[in-house]
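Q: Right, I'll just put the structure down here and ask away after.
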Amino acid sequence: MCGDETPVRAGPGPAWRKKYLHVACTALLTCYFLGDRTLASFKDFVYPALHGTVLVHDRYQHYDRFDGVSHQLCCAHLLRDLEDAAQAWPEATWPAQVTSALRALIHAANLARGQGLAHVPAQTITGPLAQFRDGITAGLDQIQRTPGARRKQPPARHLLETLRDREDDVLRFLTSTAIPATSNQAERDLRPAKTQQKISGRLRSEQATRDRYAIRGYASTARKHGHSPLTAIRDALAGTPWIPPAPATT
């Protein structure tokens with residue numbers, strides 16, 4: 001499951017007073033929730049019920065606060081962070097090395113998925129994996145931690161420590177081709193909210209926003225299953241709503 005959140009303007013009040021639209025989604029399901037970017041809002045959404053699920057997300061800390069959930073850090077976000085590091089450290093070679101290796105690993109996963117394999121064969125990623133780890137080591141040697149436990153560390157140092165200390169969460173997509181390497185599905189499902197906000201501005205109330213995205217989540221799920229969203233909404237209004245099938249059990 002992919003998770004993400006984006007600020008939205010809902011209801012009256014100053015422009016800076018924003019809510020956050022959360023989404024949790026798969027290739028077949030879409031669920032929205034209007035809240036804040038606080039841990040309390042994350043707990044009010046679906047995340048506490050996702051035991052046994054792999055959650056694909058960015059590095060925002062609240063995604064890591066739920067028991068029984070495995071993690072896949074979004075590689076698209078990591079690649080953007082590596083690009084920022086390359087600009088901040090133009091003389092360093094490690095950002096390009098880690099970027100090249102990570103892209104090669106993602107490509108290997110895409111090839112394995114296209115071949116119908118359950119996971120990425122180890123022999124196909126030996127070289128890129130070694131390159132990935134060597135680049136991280138080189139970066140950590142170059143960018144030392146700022147002395148003092150309370151001193152703010154350089155963003156590149158935080159990134160490198162994440163790549164080193166959470167390698168399993170960075171590369172979990174290699175263990176199963178069912179796990180996407182990025183949370184692009186969540187970003188796609190949030191895009192209509194950003195488009196609406198650019199065109200129409202804020203919605204008139206928080207309740208109107210919740211109603212809007214309850215309907216949009218239903219319509220999006222129907223579309224992902226190959227049904228017409230308008231037909232699904234019409235059938236719901238007629239008292240015969242389409243319901244997504246229960247997941248297959250083994």
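Read the figures in this text as sums done on the coordinates, not as results from a lab. Since we're looking at a predicted model, the values are computed, not measured. Virtual Cβ from ideal backbone geometry, glycine too; neighbours counted across all protein chains shown.
Q: Got the relative contact order for the chain handy, in percent, Cα pairs under 8 Å and 6 or more residues apart?
A: Contact order relative to length: 25 percent.
Q: Subtracting the Cα-Cα distance from 0.36 nm times the residue separation, let me have the gained length for residue 107 to residue 153 in nm, one decimal.
A: 13.4 nm
Q: Here is a follow-up. Only one of the listed values, (1) 0.98; (2) 0.93; (3) 1.15, was derived from the coordinates as Cα Rg over 2.2 N^0.38 Å; which label is it?
A: Among (1) 0.98; (2) 0.93; (3) 1.15, the one calculated here is (3).
Q: Take the alpha carbon atoms of the stretch 154-188, find their center, do the same for the stretch 212-231, and report the distance between the two centers in whole angstrom.
A: Taking the Cα centre of each part, the stretch 154-188 and the stretch 212-231 sit 29 Å apart.
Q: Once both axes come from the Cα atoms, what is the angle between helix 94-114 and the longest principal axis of the chain, in degrees from 0 to 90, rounded to 10?
A: Compared with the principal axis, the helix lies near 50 degrees.
Q: Between helix 126-142 and the chain, what is the angle of the helix's C-alpha long axis to the longest principal axis, kept within 0 to 90° and rounded to the nearest 10?
A: 70
Q: Could you work out how far apart the two model spin labels at residue 88 and residue 137 are, taking each label as a point 7 Å from the Cα in the direction of the beta carbon, and quote it in nm?
A: With each label placed 7 Å out from Cα toward Cβ, I get 2.4 nm.
Q: Evaluate the distance, in nm, between pseudo-label points positioned 7 Å from the Cα of residue 195 and of residue 207 along their respective Cα→Cβ axes.
A: With each label placed 7 Å out from Cα toward Cβ, I get 2.9 nm.
Q: Antiparallel versus total DSSP beta bridges in the chain: what percent is that, nearest 5?
A: 70
Q: Assuming 0.36 nm per residue, please report the length gained on full extension of the stretch residue 243 to residue 28 beyond their Cα-Cα distance.
A: 76.2 nm
Q: Could you give the length gained on full extension between residue 37 and residue 231, defined as 0.36 nm per residue of separation minus the Cα-Cα distance, in nm?
A: Extending this stretch completely gives an extra 66.4 nm.
Q: Taking a 25 Å limit on the Cα-Cα distance, which of the listed pairs 18/224; 19/43; 18/152 fall beyond it?
A: Violating the 25 Å Cα-Cα cut-off are 18/224; 18/152.
Q: If you don't mind, another one. Can you give the translational diffusion coefficient of the stretch 75-171 in µm²/s, computed by Stokes-Einstein from the Kirkwood radius over Cα pairs at 4 °C and 1.567 mPa s?
A: This corresponds to a translational diffusion coefficient of 91 µm²/s.
Q: What is the helix-to-structure angle for 184-200, meaning the angle in degrees between its Cα long axis and the longest Cα principal axis of the chain, kept from 0 to 90 and rounded to the nearest 10?
A: 60
Q: State, to one decimal in nm, how far the label point of residue 118 lies from the label point of residue 64, with both points 7 Å from Cα in the Cβ direction.
A: In this crude spin-label approximation the distance works out to 3.0 nm.
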